[in-house]
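The values are calculated or read from the model by the stated rules, or taken from the named source; none is laboratory data. Because the structure is predicted, anything quoted here is derived from the model rather than measured. Positions of Cβ are generated from backbone atoms using ideal geometry, with glycine treated the same way; all protein chains shown enter the neighbour counts. Ligands, DNA and RNA are excluded from the accessible area calculation, which covers all protein heavy atoms including side chains. Shrake-Rupley method; radii C 1.70, N 1.55, O 1.52, S 1.80 Å.
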Amino acid sequence: MDQFNIEKYNELKYTKLKRNQRHINKIVEIIRTLAQCQTRSGIWIAHKEFALVAFVVEFWIEPYAKYNGMNLYKNGENHGLTNFLFMFLEYFWDRSFRYKLLSYFQDMFKTKTLDSYLKCRNFLEMTYRQSVGEQNEVIEFLLRPFVLLDYDYIKNLGDLLDLGVHGLIRIGHKWRSQNGGPFHVYHDRSSSMAKQKGIWDAISSCHLDQATFPGPGNGTHVFPMNVKTTEFGDSVSKKQIQICDILAGAAFDYYGYSDDKIIDKTYHDRLTESGIGNLVWGVLWPSTNVTPDELGKRGWDLSVEIDWINGQLQKRGP
């Protein structure tokens, strides 16, 4: 592979490299090389608006469902409901309405203030009064939890909206299913994921008991994940992080491509040819699938894994 002259640059940043055609050629070469050995590199991609719907289902609707004796994790019902809400918030209204509604939840989850809590509830109540028929059925999924989940619930929630830890856990499970480890993880220090290092350390610890659970698709979640250390460093001293930045940047441009031409079509076609799609290890992305069979989750109960993890954390203490 024709390599970058690392010594010439203090740091390789994708946003700067892609401005130069000569460097674009090398970006494509790097991805092609990584794609030829798919057990060494992987990408986890997320649709941010869809991810916010998933957070609403996970941290708002699921606790209410559980209180009422419903297991939203069985047969992938949480996944199906997320797809349902994402589709029908646009279908019964429009895309701008979905964005506005989600912005109220985002503000409530992020700021955790009484004002943001009341604004979210008031918006949903107003929408319910102005809606009819099937529109009301959709809004009820989001409005009913206010009966149970008061402001104290919101106030005590942790940081929810950072996707970093979710992606890292997915990639960590993929590494573990391919290799017994142990692993030493390096992550960008500037990332907000550093704030959730405690969650990652607990789940990825090499001291958990042995267990295996079904994962997305035909994958598995193997415990212990067998991570010995996690270090948050800078990309100047850790060259691996620079390669990750290039891969992440190319993936963002590639999967964000549209007729609006976020990137040049020729570049998009070259990324396709390089095999970037073969590097995708997991996605958080909307689809029209809502039934257990369509989702491939018939008989799968995620609550079993969640309860096991909670038991492990309680057993081992702080």
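Mind pulling the angle between the C-alpha long axis of helix 239-255 and the longest principal axis of the chain? Nearest 10 degrees, somewhere in 0 to 90. Between helix and principal axis, roughly 60 degrees.
Given a Förster radius of 30 Å and the C-beta distance between D293 and E49 as r, what FRET efficiency does 1/(1 + (r/R0)^6) yield to the nearest 0.05?
Calculated value: 0.70.
One decimal place: the segment C206-T229 gains 7.3 nm when fully extended, by the rule 0.36 nm per residue minus the C-alpha distance.
Per residue, the solvent-accessible area of the range 200-274 (1.4 Å probe, heavy atoms of protein chains only, all protein chains present) comes to 52 Å².
In terms of the mean number of neighbouring beta-carbon atoms within 10 Å, the peptides 234-241, 42-49 order highest first as 42-49, 234-241. Accessible surface computed residue by residue for the range 107-157, with neighbouring protein chains in place and a 1.4 Å probe, gives 57 Å² per residue.
For the range 3-85, a crude dipole built from +1 on the beta carbon of Lys and Arg and -1 on the beta carbon of Asp and Glu, taken about the Cα centre, is about 600 debye to the nearest 20.
Show that you can apply the helix-only estimate: for the chain, add -39,500 (n - 2.57) for every DSSP H stretch of four or more residues, divide by all residues, and state [θ] at 222 nm to the nearest 500.
-16000 deg cm²/dmol
With everything on Cα atoms, drop me the angle between helix 95-111 and the longest principal axis of the chain, reported from 0 to 90° to the nearest 10. Compared with the principal axis, the helix lies near 90 degrees.
Each peptide in 21-33, 82-94, 208-220 was scored by the mean count of other Cβ atoms within 10 Å over its residues; highest first, the order is 82-94, 21-33, 208-220. Convex hull volume per residue, computed on the Cα atoms of the chain, equals 159 Å³.
Residue pairs exceeding 25 angstrom between C-alpha atoms, taken from K110/K195; K74/K228; K16/K228; K100/K195; K16/K100; K26/K265: K74/K228; K16/K228; K100/K195; K16/K100.
Element breakdown for the range 1-110 at a 1.4 angstrom probe: carbon and sulfur atoms account for 48% of the accessible area.
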